[in-house]
Amino acid sequence: MRRSERKREVPDLGILSSRTLFSVQKELFSRLSETGHSQVRPRHGAVLAYLDVEGSRASDLAAQSGQHKQVIGTLVDELVALGYVERQPDPADRRAKLIVPTELGRDHMVKSDAILVEMEAEHARAVGEEAYAEFKRVFQLVAERQTRTK
């Protein structure tokens with residue numbers, strides 16, 4: 001059996017993870033576009049998915065998303081230009097900056113969260129509530145273990 005055939009029939013963790021990520025991103029960003037957020041791209045999720053409503057430091061976003069701080073800086077620049085976030089002084093450390101969502105950014109975050117809840121409910125209905133809950137539990141364990149072994 002050729003490698004590509006084997007990978008199709010018995011996909012490994014990397015293939016399953018990437019298929020899931022890309023499929024979730026495609027549906028999420030398509031649905032977000034329908035709600036008025038057509039300029040945001042999946043790459044912006046490295047900021048918006050981890051951003052606190054009160055604001056986050058770029059270094060924290062980098063650590064949470066697994067991206068380099070320089071990548072986060074570029075994404076923040078793009079999101080500032082699009083009107084989704086702004087940089088503000090960190091009240092805890094005036095030398096540092098917080099990345100804070102604007103009203104548009106908060107709207108995106110609320111809609112994104114709601115869409116993801118709907119998507120998860122659809123999966124739970126399709127495979128069964130208990131099976132989906134167990135899948136999420138195990139997937140989280142695998143993700144945490146993989147993160148620790150980096």
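Observations
- Taken over the C-alpha atoms, segment 4-67 has Rg and Dmax values of 15.2, 48 angstrom.
- Of the trypsin sites (Lys or Arg not before Pro) found in segment 80-109, none is in coil by DSSP with at most 11 other Cβ atoms within 10 Å of its Cβ.
- Principal-axis tilt of helix 13-34 within the chain, Cα atoms, nearest 10 degrees: 50 degrees
- GNM top mover of TYR132, TYR84, TYR50 - the chain, alpha-carbon springs below 10 Å: TYR132
- Projected-area mean, the chain, by convex hull of Cα positions, square nanometres: 11.4 nm²
- Take the Cβ atoms of LEU13 and ASP52, set R0 to 25 Å, and the FRET efficiency comes out at 0.25.
- Trypsin sites (Lys or Arg not before Pro) restricted to segment 1-64 and DSSP loop, no more than 14 other C-beta within 10 Å: ARG2
- Maximal additional length on extending the ARG87-HIS68 stretch stands at 5.0 nm, based on 0.36 nm per residue less the C-alpha distance.
- Taking each of LYS97/LYS136; LYS26/LYS111; LYS111/LYS136 in turn, the alpha-carbon distance tops 26 angstrom for LYS97/LYS136.
- Extending 7 Å from the Cα toward the beta-carbon at both GLN25 and LYS97 defines two label points whose distance is 2.4 nm.
- The HN-Hα couplings worked out from phi for segment 54-64 by the Karplus form 6.51 cos²θ - 1.76 cosθ + 1.60 (θ = phi - 60°) are 7, x, 9, 7, 4, 5, 5, 4, 5, 5, 5 Hz, whole numbers, x standing for Gly and Pro.
- Cα-based helix-to-principal-axis angle, 103-127 vs the chain, degrees rounded to 10: 10 degrees
- Mean Cβ count within 10 Å, highest first, over the residues of peptides 109-115, 61-67: 61-67, 109-115
- Estimated 222 nm signal from helices in the chain, with DSSP H stretches of n ≥ 4 weighted -39500 (n - 2.57), rounded to 500: -21500 deg cm²/dmol
- Karplus-based coupling profile of segment 94-99, in residue order and whole Hz: 4, 6, 8, 10, 9, 8, with θ = phi - 60° in 6.51 cos²θ - 1.76 cosθ + 1.60 and x standing for Gly or Pro.
- R0 of 41 Å, Cβ-Cβ distance VAL80-GLU134: FRET efficiency to nearest 0.05: 0.50
No value in this document is a laboratory result; all are computed from the given coordinates. Keep in mind that what you see is a predicted model, and the values were worked out from it rather than measured. Note that we place each Cβ from the backbone using ideal geometry, even for glycine, and neighbour counts take in every protein chain shown.
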